[in-house]
Each structure stands twice: as structure tokens, then as C-alpha cells.
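Peer 1: Sharing a structure, written as C-alpha cells. Questions coming.
What follows is calculated from the coordinates using simple rules that are stated; it is not laboratory data. Note that this is a predicted model, so its numbers are computed, not measured. Methodologically, a virtual Cβ is constructed for each residue, glycine included, from the backbone with ideal geometry; neighbour enumeration extends over all protein chains shown.
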Amino acid sequence: MKSRLDEKPVTLHAEVRSFSPAVPGREARRDSEYARRGTANIFCAVEPKAGRHFTYPTPDGSAIEFAQVIFKLAMEYRDATTIHLVLDNLNIHRRKSLTDLLGDQVGGEVWDRFTVHHTQTHGSWLNQAEIEIGLLSRQCLGSRRIPDLKTFRKEVRAWNRDANRRQIKINRRVANFGLVMQRYLAQIGLAPKIETIP
């Protein structure tokens, strides 16, 4: 099994005034004022070629939350002998997160089921989980205001169920790998200088 995992913080907002729905002859109206209700976090995992999506809304993006997500992901692939997992280089994306939560023996057994592949530094955009987060952000969250973690979980669960039902696949092919590498090298400051001759 090949899976990708990433996370994103989400700001929770509530409406201050009631929303006026559209009626014939008048557009819907929403006040620009909102009440900030804190933050949440979303862990997104995707098996891009199979169209399997896993979303885990959590109160924060701590190491404990990461360890719980990794454990749940391992349970999704109970029959797999090894699970290839692509992660970025965030400091919590390590074995220690699991061993701190589950103990050395159980945490180590869960972590050892994964063959972890870290994206290169400044290259997390190569992780297809970033695409998954973008899809979730546009299709599920959009510009709506979600006031609390309970509503957030409900909305994300509905999106996840629909994405898995439709088996939405991420088929990201790089047409010009040289161009992608050139952009990556420019991003990290290693692009060759090209001088134009007058």
C-alpha cells in the first residue's frame, strides 16, 4: 500500500448575524463580520491510485494527534505487511511520536509497519497529500464559516464518504520533469544563472 499524509491548520469562524438565503429577485446575503472560534487541524491521507481518502479532523496538530492518526491509518491496512508512507519533514513525523503515546513496544511495532519516505527539504509540494488538502479545502470548506470542531468533523466526514464512494483518484503526472526540477532548484536557491547574450 502506498499512502501520503499531510496536515493543515484550519481557523474556525462563526456567523455573528444570521445568514439571509437567496429569494427570487435578491441574492443571498452574508455579513462580512464573523466571530473567531479558535483553530483546528486536519490530517489528510490519500492512496492516490486507489482513490482511498482518509481525513482526520483534530483539535490541534500535536505529536499525540499525529500518533493517533498513524495508528488509525495502520488499522485501515491491517492485512498489509508494509505500508509505504510519504511524509514531509515536520518534527512530529517521527517514531518518537508513537512511542511517546503507545510505549516503546507497541509504538515501535506500529511504526515498523510503515516504510517512511520523507519529501526533500522545501519539496513538500511533491507530496500528493498536498493536493488532497487542496481538494478538501476547495470542495468541502470553501468560503463557508465553520464554528466548531464538531461541525468541522461532520462536514469533513461527509466529504470523505463522498470522495471514497466516487473513488476520486489523484493522477498527477509530470509532463516536463526538467521544468519541475528547474523550479525546485530556483525555489531553494540553487538554480543555475542563465545569462543572455546581447
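Peer 1: Which ordering of Leu141, Leu73 is given by a fewest-first count of other beta-carbon atoms within 10 Å?
Peer 2: Taking fewest neighbouring Cβ atoms as first place, the list is Leu141, Leu73.
Peer 1: For a label point 7 angstrom out from the Cα of Glu15 toward its Cβ, which stretches of region 28-52 have the backbone nitrogen within less than 11 Å?
Peer 2: 29-31
Peer 1: Let me ask another. Only counting other Cβ atoms within 10 Å, I'd like Ile42, Ile70, Ile168 sorted with the fewest neighbours first.
Peer 2: Arranged by neighbour count, lowest to highest, Ile42, Ile70, Ile168 become Ile168, Ile42, Ile70.
Peer 1: Applying 1/(1 + (r/R0)^6) with R0 = 22 Å to the Cβ-Cβ distance of Thr115 and Met75, what FRET efficiency is obtained, to the nearest 0.05?
Peer 2: 0.80
Peer 1: Let me ask you something else. Can you spot the lysines whose alpha carbon is less than 29 Å from Lys72's alpha carbon? Ignore those fewer than 8 places along the same chain.
Peer 2: Lys2, Lys8, Lys49, Lys96, Lys150, Lys154, Lys169
Peer 1: Based only on other Cβ atoms within 10 Å, what is the fewest-to-most ordering of Met1, Met75? If you can, show how the numbers build up before the last one.
Peer 2: Details: Met1 17, Met75 9.
Neighbour counts put them in this order, fewest first: Met75, Met1.
Peer 1: Name the residues of region 46-70 whose amide N is less than 16 Å from a point 7 angstrom out from the Cα of Lys154 along the C-beta direction?
Peer 2: Residues passing the 16 Å test: 57.
Peer 1: Taking the simple approach of a point 7 Å from Cα along Cα-to-Cβ for both Gln167 and Gln105, what is their distance in nm?
Peer 2: The modelled label-to-label distance comes out at 4.1 nm.
Peer 1: Given region 1-133, what percent of its DSSP beta bridges are antiparallel, to the nearest 5?
Peer 2: 70 percent
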